[in-house]
Structures are given as structure tokens and as C-alpha cells.
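This report refers to the structure that appears directly beneath it.
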Amino acid sequence: MIKKVKKLVKDFGLSEIRAGMKITAKQLVTDKITVQFPEERTPISPRFRGLHALRRYPNGEERCIACKLCEAVCPANAITIESEMRDDGTRRTTQYDIDLFKCIFCGFCEEACPVDAIVETHIFDYAFESREGSIIDKEGLLAIGDENEKAIGQARAEDSKYR
Amino acid sequence: MVDIEIEIDGNVVHGHSGESIISIADREGIDIPRFCYHKKLSVAANCRMCLVDVEGNPKPQPACSTPASAGMRVHTNNEKAKASQKAVMEFLLINHPLDCPICDQGGECELQDVAMEYGSDVSKFNEGKRIVADKGIGALIQTDMTRCIHCTRCVRFGAEVAGIVEMGATGRGEELKIEPFLSEGIQSELSGNMIDVCPVGALTSKPFRYEVRSWQMSSVQSVARHDLVGSNVFTQTHKGKVKRVVARDNESVNETWISDRDRFSYEGLANENRALTPKIKVKGEWQEVSWETALEAAISGIKKNSAEAFGALASKNATLEELYLLQKLTRELGSENLDTRLDVANPSSASALETTISLTGLEAVDHALIINSYLRLEQPMINHRIRKATLQGAKVSTVNAKAFDFNYRVASSVLSAPQNTVVTLSGVLKVLLESNSQALPDYLKGTKVNQAQIDIANALSAAENGVVVLGEQVSSNPCADQVAKLVEQIAKASNAKTLNASATGNTLSAEKVSFKPNGGLNAKQMFDADLNAFVLLDVYPAFDCVDSAAAIENLSRDDAFVVALNSFEDASVLSFADVILPLASFYETSGTHINIENVAQSYSASVKAAGDSKPGWKVLKVLADLLELPGFDYTDSSQVADDALSLSPSLAATEVDIIAMEVPNIATVWQYTPYASDVLTRHSQSLQQTQIGQVSEATVSEATAKILELSQGDCYKGVPVNINETVAEGCVFVHTNQARQR
């Protein structure tokens, strides 16, 4: 009997709606968490693993020495490297291709690299217009690196104290 | 040699007294780290990596130099041993650069492996690292001596195996450097083995530099067919190309070593001169065509002519299968005109001598008589066995046209021009027969004997295990058969063994399938006889034929139809051939090599043939099919080999009369450098850049030079003349990398 009365009061007192409206009212006055992508972007961890890039030293010399450790460690066989001896006697790549369809963004290449040449940037919004577009070559990777060197360097600096 | 029992890590193992702990451990599969120890080199005990704890000894002992004794208890991984291993590793890494990512040894480096297992992960060393300036040591070996850990394996290899002390340690302590003594680089014909013995990346292969990483390649077992030994090798391939050749252990054939020729010849495979597409000549112009068209052209040309006018010539380096099929094709056509002996002055009297000694048997000889041979360069692995015998006290005497530079001491040497060799050997035989009080045959009755001949004969008869080696240069001699007969007689009279190294490559396969005329024409007669159709199997007359100009002239006749199966493009072949069928080269075809011990070693193709070329046995099988010849139903090269190996060549003993033949007053001995001996090595650039590969000189004595009106710097048959007295009177010794000229 008492249960029945309690239910009647709850139903006719619109308590459920009031509880819901309370949340709505609270949200009306708090800060919004929605971001207007691509104009707005969420913050990203310095360890985020996005599109790859090849870096250069400040003097413009490419870092990669064609040691092929990234190629060896890549679990998806996404990296293809050919090397040669450059005229100055150093070991350099003639080909450095990453197949982004194969890549699983595990970051092992970055870990294996002894000279911090191959890195994964914070870029994740990219698209291809053709099937072949999924393969980025050496020039493409170096261009991404050149364009984003500042951000890459900053991310590495931020993360360095945890390494 | 007493069997003893010792205990290593609690396991009871057996060894001989005096045997080192490390060799017992190796046999038992117990791992002891090491750098300076190498099973084929002397013990230096200078790296200290193999320190183990021997109970009863206050300090850890090096396992490589501590002889095992009965009841010894050894620990390789207790605390004491581990502490010393770790300490030694730390010392070795003090000066070793951390450039593994650009080091060609990375991934197959003994220092890397041992550091992973026994090293510490942090270094306490904060001082400056040592840097060593590099001195170039030639076209084959790349040095990076900063990486050197002073194990001295390369130094010991040079002194003990190669027999030419070229590398050494100079300075002490921090200043200690391993470097070549001479600035002109390493000259040994076995130098490439230093790359194999170097445990770090200080010595690496120059042609292979920065090509691929060691883990990217797959290794295929193969056999090198440049010489009579058939050294066992691994060809290491990447993306269908041979990137490197390294030695494969086979104690009875090549032990752990291979010659530089076997190691670096692969470079020729990638040469731009490779024949890659079938071609036919239409009205004097070469046209690239399909295989069908080329084969059609080949068989229609062959069919047009009668069988008697058909001849087949093959390279000595062809595989057993190729030789067998070409021989079968020729004989099925009804011709007996076939030969491989293109470089023999007089094929009708070519030397026929049986080899009666094994390669391992050569190590046990106590006297070796080397006739007409620069054995060190001709057959490096055979020479190495003889060198091992000399280290045990064996004496060597030579009968050569020139005093060659051997890597062991030659006790007595006789300089003898080719025209005098028969006389010289007759004298030796006469002394031997007289000392055995045997009856002299008629031809020896008038022979005069000098002291040198007596010395050689006495040394041979005093030897218990003698061997007489007949070398390549005898092929320049028109009386080669007489020389061979005398060698046989000398060996018989002195109870010595014989070794016939007069023809190299895969000659014994040609012998096995009787690739020589049985009633037909030999190589020389074919060029004299104006035949109408030829099949050439990897033959390049400019280099291969004894009278190259005459051969090319004959092949260039308008009525001579020439089908050339070539692995390389060659200007002279292009000038006379009518059809060119591109041939798979070494390592691109499966095949069989028969070595000096008559051991047939088969191997599979390591890589696919370059371009549009095809393995020779397939081309010859299809040619035979198109010619509608019976008995060529093969689907696999091993079936061909089975058929070929089931043959037993009829060794018809030919009677040889020993009479000094008419020979020109001044004879020429023509020998190619070892790196111009076959078509593949001729196209290997690095080999050509070595000192051995660049030799080109005609050595002549002053008196002979006067007769020939030559002076220093002139050219003799296109080769610069060098006048000195190391060469026998009455002959010109030509050692060159250039094609033969008249």
C-alpha cells in the first residue's frame, strides 16, 4: 500500500524529468567539450604515433644512414630500403618507401632507429586519392619531416625526460 | 694421445691429453666466448675472452691455451668465470666504436653476439675513444681499423695460411695497430679469408660494401668451378642477385678457406656486358629476337650442313650436364668433332696423366716436384695443401720456365724452357732408373745428366711420400704428351704419386663424358679444316684459343655458321657468330663439378638467370629436341647428371714415343693471370684491380731478348717486355690479363 502511494507521488511529481532537466541545466552553464574539427583539435600526447617522417640534422644533412633496422623490426613489412655508398663514402639510402596500408603504427621503427631519423608525427588526418598513394617515398618522407621539424623536435623534447 | 675425462660445467666429457679446453668444449657443444681463437690458426690467447674457472687455480684460465688434464673440473659460467668474461668484454668495448648501424659486419658480428650475451649494458668509460687512420689495403678488403679488437687472427692467417706476412701489429698498448707493412696492399691470392676470420667489422668485403645487411640475404649451398678443387661456398643472395660468396666448411675439399677468385668472381654476374637476349644476324646486322626465332635460326643453319662439317667447342668451365648434352648432341648428329682443349698448343698430344693423390693426401707428402706450374696462382687450394706439407718439413723442387714466387721455400729449382723440358725430365728419370738399377729404355741412353737433375732425382727417391705435380703451362708445350709420360715414369720409378693440374676448371667432367674427338677433329684441326657449322659453348676465342687470330679468322668465313651460347657479350664473338643464345652463368644454373679427386659435386642454381638467358642444359636439350634427336627426354638437370655420371670413359692407353720434337728455337709460355682465366673472373672489376689481376708482362732473359731484338718496355705480342734473369734461356714467359695476340 505504501509502495503504491510512493510510486504515485513520484510519477505525478515528475521527479524523473526534473532529475534529467537538472543535468541539462547544469550542462547549459558548464564549458563545452565538443571541438570543431578541423578548425579545432584535441591535445595529443607527445608519444602519439601518426604519419611517418624522415628528419634532417640542423645543417640539412639527412639523418638516415640506411642501417635497415626499421626495415628489420617492422612487423608488417611496410618498409623497403635500398642503400649505396654515397660519393663522400657514407652509407645512404637510395630508396626508402613506407606502405601506409601495411603499416600498423606500432612505432617500432622509431624505437629501432639509432639516429632518430624515422619518426611518427602527430599527423593523423591524411587521405590518398589513388591506390599507389599509400606508398610514401624518401622525398615525401623528408618533405613531411622538413615541414614539421619544429613540432617533431618539441614532442621529442617533451618526452625525453621519461626515456 | 691418451683419452682423458674432464668435467665441464658438471658434464663429464672426453678429450685427448694436451687438447685445449676450448676444443673439447666446442666438440661437446658447450659455448665458450672467444675472439682470437680460431680452429685453423695457432693459439695466441691475447683476447682473454675465453677465461674459464678451473678448480684448483686461483685465477681464471684461458680455455684456448690451457691443455686439459685428467680429472680437471672446469666451470664456464660460475661467478668467477662470469665476472672475468664481463670484465674482459668491458675492456674490449672501451675503444670499439658504436657504429654497428653502418657497419657491414652488423648482424653477423662476433663482438655483437658476445656483447649481447656476456657484456654489461652500461660503460664506465668516459674518456676519449681511440681512432685509427685507415690505410687502404687493396681492392678486395675494406678496412676500418678503429673497430679492430687486436685479436690478430688476420695476422696469423697471413703468416700461417697465406704464407705471405703482409699484416702485422705495430706499437704497444693504446698505440697498438694492426696494419699492412707495405703501402701497395695485400697481395695474397687467399686474402679474402681475412674477411671471414675477422670477428668484427675491421676487415669487410669491399665489393659488398653497404650493399645489403647480412640478415637480408639467403644463403644457398654452391660449388665454385674456377679450379680443379671445386671449393664449397655459400652464395648469399638478395632479390635474385648474388651479393656475396663466402666459404663453406668441407674438410676434404677446401677446409675453411676459399681463394679470392672463388670469393669475388660473382661480381661479374652483374656486369653490363652480360648477354641477355637471343640475337640473330640478318644481313650483317644483329637483331634481338625471341627464343623461338633464335632456336629456329640455329637449327636451320645446323641442318643445312652435313654432320661431317659440324663441330662443337666448349669452355672448360662448363658444367658436367652441359658438356654431356653437347657431346650427346654432336655424336647423335653423327659428328666426332668436339673439344674443350682450345688453349692447348697441340691437342693431339695433350697430356694424359692420372691423378693418384687426394687433397688431404697432399698434406702428408715429404717431397713435391712441381713441373710447369705457378701453382700458387693456378690452383690456390692445392698449393695451400702443399704449403701445409712444407710446414711439416716437406721439400719442394720445381722445373719451370721461370722462378716463380711461391709461398714456401723451394729447395731446388731448375729453369727449363718448354723445348728443354723433355730433356730435363729425361735426365731426372735416367738418374732414378740408374739408382734403382733398372734397365734404361733406348731414349734415355744418350741423355746427359747434370747436377740439378741428380739433386731432384735423389730428393724424390729419398722421399717416402713424394708427389709430382704437372701444371697448366705444359699446355703451351707441343710435346705435352711426352712430358706427361715422363712424369708418369718418374713417379713410377720413385714410388711417388702424381697430380695432373694441366687443365683447370671442370676439365674432369669433360674427361668423364669424353668431350674429345674419338676419330674426329680436335680443336686445332677443326680450325684448319674449314667446317661449316659450329656450336660454341661459352667460348671466347680471343682469350681461349691458343691461336686466337687463326680461330677467329676461320670462324669468320662466310660459309661458317656459328651458334654461340654465351653468358657474356664479346666483340669477337659478335663479329663471327650468326646466332647468339644467352647462357646462364656461374651460380645461375644447376650443375655438377668433378674435382681433382674425381668427386662429383652437384649444386642447384642460386639465383634465376639474368635477363632472358637460360641454363645451358635446357638450351641444349631444346636444341636437340628441335633437331629431332632421340634420347633427350630430360626434365631435370639431375637426370642429365645421373646419365653422365654412369658413363665410364674408355681410357685407351696411347703409346707415346719420347723424342725431342721440333720446336721453335724460342718458345712462348702464355699464362693468364688467375683473374683472367675464365669469362666470369674477367668481368669482375674488383679482381681486375688487384695486383695479381693487373700483371701483364712478358719476361725474357737478356740473351734471349737480344735474339728477339727486344728491349725493356717493348711489346711482345702486345704485352710489355720485362728483361731479367728469372726466366729460362730460349723462352718468353708471358703472364697477362690481355687477350692473346699473334
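The values are calculated or read from the model by the stated rules, or taken from the named source; none is laboratory data. Predicted model only: the values in this text are computed from it and were never measured. A quick note on method: Cβ atoms are made from the backbone with ideal geometry, for glycine too, and the neighbour counts reach across all protein chains shown.
Please verify whether B:Gly311 is more than 30 Å from B:Gln689 (Cβ to Cβ) and touching a Phe, Trp or Tyr at 6+ places or on another chain (Cβ under 7 Å), treating the condition exactly as stated. When the stated conditions are applied, B:Gly311 passes them. Take A:Asp88 and decide whether it is surrounded by fewer than 10 Cβ atoms within 10 Å (Cβ to Cβ) and within 14 Å of chain B (Cβ to nearest Cβ). So A:Asp88 fits the description; yes. Filter the stretch B:89-101 for residues that are within 13 Å of chain A (Cβ to nearest Cβ) and either free of Cβ contacts under 8 Å to residues at least 12 places away in the same chain or surrounded by fewer than 19 Cβ atoms within 10 Å (Cβ to Cβ) (or both) and give the result. Within the stretch B:89-101, B:Pro97, B:Leu98, B:Asp99, B:Pro101 qualify. Taking every residue in the stretch B:629-649 that is buried (at least 18 other Cβ atoms within 10 Å of the Cβ) and pairing it with any residue that is of a type in the set (Asp, Glu) and in a helix (DSSP H, G or I), at least 6 positions away or on another chain, the pairs with Cβ-Cβ distances below 7 Å are B:Phe632/B:Asp625; B:Ser637/B:Glu321; B:Val640/B:Glu321; B:Ala641/B:Glu321; B:Ala644/B:Glu321. The set of residues from the stretch B:532-559 being aliphatic (A, V, I, L, M), assigned to a helix (DSSP H, G or I) and surrounded by 21 or more Cβ atoms within 10 Å (Cβ to Cβ) comprises B:Ala551, B:Leu555.
Note on the stretch B:389-436: residues that are among the charged types (D, E, K, R) and within 12 Å of B:Ala457 (Cα to Cα) amount to 2.
If the condition is being free of Cβ contacts under 8 Å to residues at least 60 places away in the same chain and of a type in the set (Val, Ile, Thr), then the stretch B:196-231 contributes only B:Val212. In the stretch B:102-157, the qualifying residues are those that are in contact (Cβ under 8 Å) with a residue 60 or more places away in the chain and among the basic types (Lys, Arg), and the one that is farthest from the other protein chains (Cβ to nearest Cβ) is B:Arg156. Within this structure, A:Pro38 passes the test of being assigned to a loop (DSSP other than H, G, I, E, B) and either loosely packed, with under 10 Cβ neighbours inside 10 Å or without any contact (Cβ under 8 Å) to a residue 24 or more places away in the chain (or both).
Tell me yes or no: at least one residue of the stretch B:415-430 is in a strand (DSSP E or B), modelled with pLDDT of 90 or more and crowded, with 17+ Cβ neighbours inside 10 Å. Yes - at least one qualifying residue is present in the stretch B:415-430. Any idea which residue in the stretch A:59-71 is nearest to the other protein chains (Cβ to nearest Cβ), counting only those that are over 22 Å from the mean Cα position of the chain (by Cα) and hydrophobic (A, V, I, L, M, F, W, C)? Going through the qualifying residues, I end up with A:Cys67. Within the stretch A:118-152, the set of residues being under 16 Å from A:Arg49 (Cα atoms), away from chain B (no Cβ under 14 Å) and in contact with an Asp or Glu (Cβ under 7 Å, 6 or more places away or on another chain) comprises A:Val119, A:Glu120. Total residues in the stretch A:77-108 satisfying the condition of being in contact with an Asp or Glu (Cβ under 8 Å, 6 or more places away or on another chain) and more than 21 Å from B:Met217 (Cβ to Cβ): the figure is 2.
Quick one: how many residues across the stretch A:118-149 are β-branched (Val, Ile, Thr) and part of a helix (DSSP H, G or I)?
Summing the residues that are β-branched (Val, Ile, Thr) and part of a helix (DSSP H, G or I) in the stretch A:118-149 gives 1.
Please tell me if A:Val115 is at negative phi, in a loop (DSSP other than H, G, I, E, B) and either more than 13 Å from every other protein chain (Cβ to nearest Cβ) or not acidic (Asp, Glu) (or both). Yes, satisfied. Within the stretch B:243-268, the set of residues being buried (at least 24 other Cβ atoms within 10 Å of the Cβ) and among the hydrophobic types (A, V, I, L, M, F, W, C) comprises B:Val245, B:Ile258, B:Phe264. From the list B:Ser252, B:Ser214, the lone residue that is at pLDDT below 95, more than 25 Å from B:Asn595 (Cα to Cα) and of a type in the set (Ser, Thr, Tyr) is B:Ser214. For the condition outside any strand (DSSP E or B), under 23 Å from B:Arg557 (Cα atoms) and not hydrophobic (A, V, I, L, M, F, W, C), what is the one hit in B:Lys303, B:Lys316, B:Lys281, B:Lys328? Within the list B:Lys303, B:Lys316, B:Lys281, B:Lys328, the selection yields B:Lys303. The criterion of being touching a strand residue (DSSP E or B) at 6+ places or on another chain (Cβ under 9 Å), crowded, with 19+ Cβ neighbours inside 10 Å and either on the phi > 0 side of the Ramachandran plot or outside any strand (DSSP E or B) (or both) does not hold for B:Ala70. Against the conditions (1) surrounded by 14 or more Cβ atoms within 10 Å (Cβ to Cβ); (2) closer than 22 Å to A:Glu71 by Cβ, A:Gly133 satisfies every one except (1). None of A:Ile104, A:Ile79, A:Ile33, A:Ile44 is under 27 Å from B:Gln216 (Cα atoms), β-branched (Val, Ile, Thr) and away from chain B (no Cβ under 13 Å) except A:Ile104.
Of all residues in the stretch B:599-611, which are exposed (fewer than 15 other Cβ atoms within 10 Å of the Cβ) and over 30 Å from B:Glu251 (Cβ atoms)? Across the stretch B:599-611, the qualifying residues are B:Lys608, B:Gly611. Only one of the numbered conditions (1) of a type outside the set (S, T, N, Q); (2) over 22 Å from B:Val483 (Cα atoms); (3) part of a helix (DSSP H, G or I) is not met by B:Arg376, and that is (2).
Counting only residues that are surrounded by 20 or more Cβ atoms within 10 Å (Cβ to Cβ) and either of a type in the set (D, E, K, R) or modelled with pLDDT under 90 (or both), the stretch B:26-48 holds 1 of them.
Considered as a group, the residues in the stretch B:73-88 that are surrounded by fewer than 20 Cβ atoms within 10 Å (Cβ to Cβ) and within 30 Å of A:Cys67 (Cβ to Cβ) include one that is nearest to the other protein chains (Cβ to nearest Cβ), and that residue is B:Lys86.
On inspection, B:Gly240 does not qualify as surrounded by fewer than 17 Cβ atoms within 10 Å (Cβ to Cβ) and free of Cβ contacts under 8 Å to residues at least 12 places away in the same chain.
Yes/no matrix, rows are residues, columns are (1) under 25 Å from B:Ser572 (Cα atoms); (2) touching a residue at least 24 places away in the same chain (Cβ under 8 Å); (3) in contact with a Gly (Cβ under 9 Å, 6 or more places away or on another chain):
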position	(1), (2), (3)
B:Thr498	no, yes, no
B:Ala501	no, yes, yes
B:Leu508	no, yes, no
B:Phe515	yes, yes, no
B:Ala533	yes, yes, yes
B:Asp538	yes, yes, yes
B:Asp544	yes, yes, no
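Taking the residues in the stretch B:208-262 that are of a type in the set (Ser, Thr, Tyr) and closer than 20 Å to B:Thr319 by Cβ as candidates, determine which candidate is nearest to the other protein chains (Cβ to nearest Cβ). Among residues in the stretch B:208-262 that are of a type in the set (Ser, Thr, Tyr) and closer than 20 Å to B:Thr319 by Cβ, the one nearest to the other protein chains (Cβ to nearest Cβ) is B:Thr237.
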